[in-house]
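Below is one structure, written out as structure tokens; the observations come after it.
The values are calculated or read from the model by the stated rules, or taken from the named source; none is laboratory data. Computed from a predicted structure; not experimentally measured. Virtual Cβ from ideal backbone geometry, glycine too; neighbours counted across all protein chains shown.
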């Protein structure tokens with residue numbers, strides 16, 4: 001690729017880089033793939049726990065965060081002075097890409113406005129899904145920040161492209177009052193950027209529905225790719241006599257690890273093991289719950305920062321289990337599990353990346369239904385072997401190059417749209 005064809009991209013994230021779960025791994029993969037293809041990428045991330053990427057340029061930025069709170073409550077400062085400094089130091093940026101709906105989207109919008117360049121945003125989070133697991137906090141967020149943020153951003157950009165008036169913002173069919181309000185708020189945010197993406201089709205569908213269809217031409221579904229690290233992992237643990245279940249994710253109520261522990265307890269098998277990777281605010285309560293399990297073994301492994309270690313744990317598991325229900329967007333770890341050749345047990349039919357009828361067993365969300373799924377797979381070793389082969393085959397189709405090319409297409413469309421409006 002010639003230097004003239006290379007894009008100059010700024011990636012803005014509020015999360016700790018690179019250790020903030022699926023979003024962090026997605027951002028890391030984006031910058032690695034774009035840089036390897038010859039594009040000039042600069043990462044803008046909080047200075048907290050920042051591990052500077054070797055593949056591209058980077059700038060640690062000041063942030064807001066209450067001590068001890070998780071990474072998803074961290075927010076880049078988005079003051080005018082900081083935006084002017086970034087614009088002055090990076091005048092060649094052609095597109096900015098924000099990854100969170102906190103300070104990152106506001107700072108990226110200000111930089112884009114100062115440089116008169118395109119602004120792309122990715123919706124990684126499903127705020128409507130938090131009403132099931134954390135109703136009080138979710139309701140407060142719906143009525144305050146999430147409701148205000150879209151209005152603030154639209155005022156900031158001083159006239160967003162393509163119309164989205166109040167009459168067009170309608171509730172998606174079948175949504176409750178507060179979840180519908182969340183989708184309307186997110187649609188307002190989407191209306192203030194040039195292009196927006198999500199790794200999940202249902203997020204894109206709901207944002208378009210919430211806008212009365214007016215945002216359809218600016219939306220793209222771009223599933224997060226899977227690092228080749230996971231495809232290279234090979235099982236090192238012999239099969240049997242213990243069936244190993246593995247869970248990976250933040251230990252918070254929205255991930256429903258407590259439901260998974262209840263299901264494992266009901267399984268009642270001494271020849272079963274549940275390994276849990278992750279940390280979070282619910283960890284202490286979950287450890288106490290695990291102590292009361294009468295049969296089998298539960299092991300908490302903490303947070304993994306190295307992809308190679310996570311890949312090996314996935315490859316050595318007999319079944320990867322995801323108890324999250326109607327919260328995750330893509331659940332990037334499903335694709336990573338598939339790439340390591342690991343069978344999957346899950347309970348959210350909207351999660352389609354990394355799952356198929358041949359490599360994954362879909363159950364209902366209750367503990368009893370998850371227990372039934374565990375029991376069915378524990379007692380059927382030939383089925384596990386077949387699912388493992390199917391996972392490996394599916395995993396080979398989830399490479400990061402497809403994600404990179406999809407994002408490049410979105411960037412070029414956003415740049416062209418911006419140039420046409422400017423002209």
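Does at least one position in segment 93-112 carry a residue that is surrounded by fewer than 18 Cβ atoms within 10 Å (Cβ to Cβ) and assigned by TED's automatic domain parsing to the domain that holds residue 188? No; the residues of segment 93-112 include none that is surrounded by fewer than 18 Cβ atoms within 10 Å (Cβ to Cβ) and assigned by TED's automatic domain parsing to the domain that holds residue 188.
Sort through 362, 345 and tell me the only one that's outside the structural domain of residue 31 (by TED's automatic domain parsing) and crowded, with 19+ Cβ neighbours inside 10 Å. Before you say what the answer is, go through the steps one by one.
Values: 362 fails: crowded, with 19+ Cβ neighbours inside 10 Å.
So the residue among 362, 345 that is outside the structural domain of residue 31 (by TED's automatic domain parsing) and crowded, with 19+ Cβ neighbours inside 10 Å is 345.
Being assigned to a loop (DSSP other than H, G, I, E, B) and surrounded by fewer than 17 Cβ atoms within 10 Å (Cβ to Cβ) is the filter here, so list the residues in segment 71-92 that pass it. First the steps, then the outcome.
In the first step, residues of segment 71-92 are kept if they are assigned to a loop (DSSP other than H, G, I, E, B); the result is 74, 77-79, 90-92.
Scanning segment 71-92 gives 77, 79, 91, 92.
Quick one: is residue 42 out of contact with any helix residue (DSSP H, G or I) (no Cβ under 7 Å at 6 or more places or on another chain) and crowded, with 21+ Cβ neighbours inside 10 Å? Answer is yes for this residue. Here residue 22 meets the list (1) crowded, with 22+ Cβ neighbours inside 10 Å; (2) modelled with pLDDT of 90 or more almost entirely, failing just condition (2). Counting just the residues of segment 379-404 that are surrounded by 14 or more Cβ atoms within 10 Å (Cβ to Cβ) and within 16 Å of residue 30 (Cα to Cα), which one comes out modelled with the lowest pLDDT? Selected residue: 399.
Give 150, 212, 174 a once-over and let me know the one that is assigned by TED's automatic domain parsing to the domain that holds residue 97, modelled with pLDDT under 95 and in a helix (DSSP H, G or I). Reasoning before the result, please.
Working: 212 fails: in a helix (DSSP H, G or I); 174 fails: in a helix (DSSP H, G or I).
Just one listed residue meets the conditions, 150.
For segment 54-63, name all the residues that are at pLDDT below 95 and out of contact with any helix residue (DSSP H, G or I) (no Cβ under 6 Å at 6 or more places or on another chain).
Just the residues of segment 54-63 that are at pLDDT below 95, to begin with: 54-55.
Once the filter is applied, which keeps residues that are at pLDDT below 95 and out of contact with any helix residue (DSSP H, G or I) (no Cβ under 6 Å at 6 or more places or on another chain), segment 54-63 yields only 54.
If the condition is being surrounded by 20 or more Cβ atoms within 10 Å (Cβ to Cβ), touching a strand residue (DSSP E or B) at 6+ places or on another chain (Cβ under 8 Å) and within 18 Å of residue 324 (Cβ to Cβ), then segment 253-285 contributes 257, 260, 261, 264, 274, 276, 277, 278. Per the listing 307, 337, the residue uniquely touching a helix residue (DSSP H, G or I) at 6+ places or on another chain (Cβ under 8 Å) and at pLDDT 95 or above is 337.
Taking the listed residues 244, 235, 250, the one that is in a loop (DSSP other than H, G, I, E, B), more than 25 Å from the chain's Cα centre (by Cα) and either at pLDDT 95 or above or surrounded by 17 or more Cβ atoms within 10 Å (Cβ to Cβ) (or both) is 235, with no other qualifying. Per this entry, residue 281 is counted among residues that are touching a residue at least 60 places away in the same chain (Cβ under 8 Å), under 25 Å from the mean Cα position of the chain (by Cα), part of a loop (DSSP other than H, G, I, E, B) and in the same structural domain as residue 315 (by TED's automatic domain parsing). Return a yes/no flag: does segment 317-336 have any residue that is surrounded by fewer than 24 Cβ atoms within 10 Å (Cβ to Cβ), at positive phi, touching a residue at least 40 places away in the same chain (Cβ under 8 Å) and not assigned by TED's automatic domain parsing to the domain that holds residue 125. Yes.
Residues 124, 119, 97: which one is within 29 Å of residue 415 (Cα to Cα), part of a loop (DSSP other than H, G, I, E, B) and touching a strand residue (DSSP E or B) at 6+ places or on another chain (Cβ under 9 Å)? Before you say what the answer is, go through the steps one by one.
Numbers: 119 fails: part of a loop (DSSP other than H, G, I, E, B); 97 fails: part of a loop (DSSP other than H, G, I, E, B).
Testing whether each residue is within 29 Å of residue 415 (Cα to Cα), part of a loop (DSSP other than H, G, I, E, B) and touching a strand residue (DSSP E or B) at 6+ places or on another chain (Cβ under 9 Å) leaves just 124.
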